[in-house]
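Scroll down for the structure; my scribbles are underneath it.
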Number of protein chains: 2
Amino acid sequence: MSKANRIRIKDIAKEARVSTATVSRVLNNSNKVTAKTRRRVLEAVERLGYVPHHVARSLRVERVYSIGLIVPHDIDYLFSFPYFNLFIHHLAVEARTRGYHIIFTTTNGDESVQLHKAFAMRRIVDGLVILDVSDEDPRIDALTELGFPFVVIGRPNHKLPYLWVDTENEEGARRAVEYLISLGHRKIHFVNGPQHLAVSRQRFEGYSRALQKARIACEPTLIHNGEFTEESGYAITKAILHSDKVEAIFYASDTMAIGGIRALKEAGFEVGRDVSVVGFDDIPSASVVSPPLTTVAQPIALVGTWAARLLIDLIEGNKPVPKSLSVELKLRKSTRGGVTVVGD
Amino acid sequence: MSKANRIRIKDIAKEARVSTATVSRVLNNSNKVTAKTRRRVLEAVERLGYVPHHVARSLRVERVYSIGLIVPHDIDYLFSFPYFNLFIHHLAVEARTRGYHIIFTTTNGDESVQLHKAFAMRRIVDGLVILDVSDEDPRIDALTELGFPFVVIGRPNHKLPYLWVDTENEEGARRAVEYLISLGHRKIHFVNGPQHLAVSRQRFEGYSRALQKARIACEPTLIHNGEFTEESGYAITKAILHSDKVEAIFYASDTMAIGGIRALKEAGFEVGRDVSVVGFDDIPSASVVSPPLTTVAQPIALVGTWAARLLIDLIEGNKPVPKSLSVELKLRKSTRGGVTVVGD
DNA sequence: AGTTTTGATGTAATCGATTACATTACACAA
DNA sequence: TTGTGTAATGTAATCGATTACATCAAAACT
């Protein structure tokens with residue numbers, strides 16, 4: 001391992017009595033090599049225990065075989081992004097089957113755009129996965145201008161076209177609210193995420209569509225913007241209880257719903273009987289809280305898989321198309337009569 | 001960005017009318033440069049928007065400024081390892097303050113050792129974080145033989161010395177069981193993790209010590225080996241209930257405890273009154289299940305921080321020493337009388 | 001046999017930095 | 001003015017691969 005006894009391609013060439021070019025050809029499966037020569041080279045590789053030097057190869061072929069994932073420093077983010085570990089895991093699995101690694105780092109909001117640019121310009125990675133996007137996200141402009149490959153998780157508004165993977169947020173929210181309506185609820189509070197996030201807009205869109213279809217007026221006083229955190233779910237619910245008689249609440253994330261349930265219980269409500277609660281995401285805790293949460297499940301593993309797949313296609317010059325992944329409403333006990341299966 | 005209009009150090013040299021060597025010296029803060037020259041170079045860098053090429057630099061300085069994290073393919077693992085998100089996040093934060101990135105990939109058990117060796121030999125990373133270790137883990141032998149820097153999360157038995165970061169598993173288990181004893185329990189079931197993991201041995205050690213101190217016999221029939229998964233916690237608990245009258249169960253992970261609580265509820269027990277349950281890890285769900293779980297909290301963020309810190313120290317030739325991090329018993333509602341604070 | 005074609009192999013440039021060593025410029029002393 | 005020492009700068013080798021192009025050997029054709 002020490003530099004001295006390190007085996008290089010040159011050593012293999014000498015051992016197999018061929019040129020380094022031939023060794024390289026064998027290693028890269030070029031077909032322009034005699035079977036006999038190939039065998040001799042491979043034997044030498046075996047005998048000397050040679051493995052290629054990744055950095056040297058990268059310098060020449062101008063590819064580092066890795067994709068970058070830069071997440072905000074802000075710790076809440078990792079928890080508000082449901083199943084982050086599932087996502088990164090499946091991202092990595094798919095990447096690995098294609099011969100790529102994940103390069104992971106964190107950033108605070110201020111330096112985020114700069115860091116994305118730096119990753120691109122320094123060629124630390126071959127492409128980037130963009131998380132936590134808002135409308136007109138500046139990273140999209142920056143990377144597009146650099147001509148650098150990237151895929152966006154989510155589907156924000158932007159003047160430029162871009163490659164994305166998204167779950168059907170609008171559809172999911174619509175189905176959740178339609179379900180609440182089918183249960184007989186008419187006044188449905190909506191605790192949404194931060195306004196600047198595209199995902200919040202889409203979930204709101206679904207909420208409002210469902211009401212529209214049922215000819216229920218969309219009351220601005222029923223709409224609340226949280227932070228996707230448990231604390232904000234708790235606080236907003238407290239506030240709602242303070243000013244209103246509540247019968248149904250749709251939370252744009254399970255994390256907020258869990259905070260909300262805590263507030264409701266403290267106020268003496270029995271969730272699932274006195275009040276219906278629906279979440280979004282289906283995080284691990286969702287099935288384990290009391291009562292188990294009715295929620296819109298996101299296929300987060302698939303999001304990871306597709307993000308890697310599309311990004312690597314883009315890097316390798318194929319022509320990937322954006323991918324939309326469908327969601328599923330999981331009926332559990334936090335809603336009145338959570339047994340009936342509801343179609344669309 | 002396209003190869004053509006890429007700025008290299010050569011271009012800066014020409015622009016500033018100096019040699020590439022001088023540019024490099026300015027960029028690497030060598031002191032052997034006149035203030036005037038330095039200024040001229042920096043202006044050129046600014047004007048042309050130069051950023052160094054990471055791979056080219058790495059090839060020459062023989063350092064890639066990244067540390068590797070290879071986790072088993074097996075999906076259950078990510079959930080049984082509590083707070084994986086938190087861990088990787090803090091690992092990345094600390095690494096970043098030192099100028100390093102995380103390279104993340106997955107593996108199945110069979111190729112794990114080979115993959116760790118490949119990462120080392122191909123110089124894909126400068127050092128490795130070793131997770132999920134068992135006694136006499138072959139990765140420790142392989143990397144030691146290669147003379148490659150690595151840090152182990154946990155503290156398995158091994159004939160060779162190695163650098164590690166660990167939480168006080170034995171201490172934590174001991175305190176948990178002592179607490180159960182202080183509550184008046186004498187027959188305490190222990191649902192442990194897989195036998196081959198060092199962490200299971202250590203938690204067992206703590207369990208057995210606590211009993212010993214209280215002069216309670218350690219009954220082999222009370223010891224069970226699970227998989228750290230919710231399903232196994234559920235199944236084992238079912239089995240226990242089938243053959244025995246139960247009063248207290250200590251689970252070696254919250255995930256298993258949550259499965260266990262489900263089994264207990266189904267059997268009509270009220271956890272926290274009829275039976276005491278203690279978990280280990282303090283995963284996010286722990287505070288949110290019903291009843292909230294009394295558990296041993298691991299300082300997982302610190303584990304991440306210290307892992308990065310020690311590994312980078314090792315890479316850079318400092319002489320880091322292993323780090324032990326203390327745990328905390330969190331009293332909640334799953335134990336009888338979960339209000340009293342218990343010292344040691 | 002001589003010429004052309006084809007396919008295998010070798011030589012050397014290249015990727016973009018860093019750095020050992022050589023050279024130059026300058027300050028100061030004699 | 002010249003010599004000497006020191007600090008700044010330049011030249012070119014180097015890191016370890018890949019690959020364009022040159023060369024060579026053998027097969028195929030006339």
- Query: From the label point of B:Lys10, set 7 Å along Cα to the beta carbon, how far off in nm is each other copy's matching point, shortest first?
  - Reply: 2.2
- Query: What share of all Cα pairs of chain B, in percent, falls into each consecutive 10 Å distance bin?
  - Reply: 5, 22, 25, 18, 13, 7, 6, 3, 0
- Item | Two-site FRET efficiency, A:Thr221 against A:Leu160, from Cβ-Cβ distance with R₀ of 35 Å, rounded to 0.05 | 0.45
- Query: So what does A:Met256 come to for accessible area, using a 1.4 Å probe and Å² rounded to 10?
  - Reply: 0
- Report the residue of chain B with the smallest Cβ-to-axis distance, using the rotation axis that brings B onto A, in whole Å. B:Ser290, 2
- What list of ³J(HN,Hα) couplings, whole Hz, do you get for the range B:205-218 from phi and the Karplus terms 6.51, -1.76, 1.60, once you set θ to phi - 60° and write x for glycine and proline? 3, x, 4, 5, 4, 4, 4, 4, 4, 8, 6, 9, 5, 8
- With contacts defined as alpha carbon pairs under 8 Å and 6 or more residues apart, what's the relative contact order of chain A in percent? 16
- Too-long pairs where the Cα-Cα distance tops 23 Å, listed order kept, from B:Lys187/B:Lys333; A:Lys14/A:Lys36; A:Lys117/B:Lys14; B:Lys187/B:Lys238; B:Lys32/B:Lys319: A:Lys117/B:Lys14; B:Lys32/B:Lys319
- Item | Cut-off under 5 Å, modelled amide H: who pairs with A:Lys330 long-range | A:Thr295, A:Val296, A:Ala297
- Message: Just to confirm the number: angle between the C-alpha axis of helix A:112-121 and the first principal axis of chain A, 0 to 90 degrees, nearest 10?
- Response: 20
- Item | Nearest 10 degrees, 0 to 90: helix B:254-266 Cα axis against chain B principal axis | 30
- Relative contact order computed over the range B:169-298 (Cα-Cα under 8 Å; 6+ residues apart), in percent: 25
- Query: Leaving out same-chain residues fewer than 8 places away, which aspartates and glutamates sit with a Cα under 20 Å from that of A:Lys10?
  - Reply: A:Glu43, A:Glu46, B:Glu62
- Rounded accessible area of A:Lys323 (nearest 10 Å², 1.4 Å probe): 60
- Query: Given H placed 1.01 Å from N in the peptide plane, which residues other than close sequence neighbours of B:Val64 have an amide H under 5 Å from its amide H?
  - Reply: B:Asp126
- Return the residues of the range A:1-44 for which accessible area with all protein chains present is lower than in the chain on its own by 20 Å² or more; set the probe to 1.4 Å and exclude ligands, DNA and RNA. A:Met1, A:Lys3, A:Arg6
- In whole Hz, the Karplus estimates of ³J(HN,Hα) for the range A:219-229 (6.51, -1.76, 1.60; θ = phi - 60°; x where Gly or Pro) are 7, x, 5, 8, 9, 9, 10, x, 10, 6, 9
- Task: Show B:Val303, A:Val18 ordered by accessible area, largest first, where the area counts protein heavy atoms only and the probe is 1.4 Å.
- Result: A:Val18, B:Val303
- Task: Looking at the protein assembly as shown, send over the antiparallel percent of its DSSP beta bridges, to the nearest 5.
- Result: 15
- the range B:208-344 - convex hull of alpha carbons, volume per residue in Å³: 142
- Relative to the other copies, what are the label-point distances for B:Thr37, with labels 7 Å from Cα along the C-beta vector, expressed in nm at one decimal and sorted shortest first? 4.7
- Message: Please report, for A:Glu145, the nm distances (one decimal) from its label point, 7 Å out from Cα along the beta-carbon direction, to the equivalent points in the remaining copies, shortest first.
- Response: 5.2
- Share of the range B:3-52's accessible area from carbon and sulfur, percent, 1.4 Å? 49
- Note on the structure: So the FRET efficiency between B:Glu46 and A:Thr97, C-beta based with R0 = 35 Å and rounded to 0.05, is 0.25
- Collect residues whose amide H, placed 1.01 Å from N in the peptide plane, falls under 5 Å from the amide H of B:Asp74; neighbours closer than 5 in sequence don't count. B:Gly109
- Message: Compute the helix-to-body angle for B:169-182: its Cα long axis versus the longest principal axis of chain B, expressed 0 to 90° and rounded to tens.
- Response: 30
- Query: Could you sort A:Tyr207, B:Tyr83, B:Tyr162 by accessible area so the largest value comes first, with the probe set to 1.4 Å?
  - Reply: B:Tyr83, B:Tyr162, A:Tyr207
- Report, ordered by chain and residue number, the lysines lying within cross-link reach of A:Lys323, taken as a straight Cα distance under 24 Å and ignoring same-chain residues fewer than 8 apart. A:Lys159
- In Å², nearest 10: area of A:Ile261 left accessible to a 1.4 Å probe: 10
- Task: Express as a percent, rounded to the nearest 5, the fraction of DSSP beta bridges in chain B (both residues included) that run antiparallel.
- Result: 10
- What is the magnitude of the charge dipole of chain A about its Cα centre, with +1 placed on the Cβ of each Lys and Arg, -1 on the Cβ of each Asp and Glu, and no other charges, expressed in debye to the nearest 20? 2220
- Message: Please enumerate, by chain and number, the aspartates and glutamates with C-alpha under 17 Å from the C-alpha of B:Lys213, excluding those fewer than 8 residues away in the same chain.
- Response: B:Glu170, B:Glu171, B:Glu178, B:Glu205, B:Asp344
- Determine ³J(HN,Hα), in whole Hz, for all residues of the range A:316-326 in sequence, where each value follows from phi through the Karplus function 6.51 cos²θ - 1.76 cosθ + 1.60 and θ = phi - 60°; x replaces Gly and Pro. 8, x, 6, 10, x, 10, x, 10, 10, 10, 7
- Item | Percentage relative contact order, the range B:6-52, counting C-alpha pairs under 8 Å, at least six apart | 48
- Percent of accessible area on the range B:201-261 owned by carbon and sulfur, 1.4 Å probe? 53
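The values are calculated or read from the model by the stated rules, or taken from the named source; none is laboratory data. This is a predicted model, so every value here is computed, not measured. Glycine gets a Cβ as well: all are built from the backbone with ideal geometry, and neighbour counts include every protein chain shown. Ligands, DNA and RNA are excluded from the accessible area calculation, which covers all protein heavy atoms including side chains. Shrake-Rupley method; radii C 1.70, N 1.55, O 1.52, S 1.80 Å.
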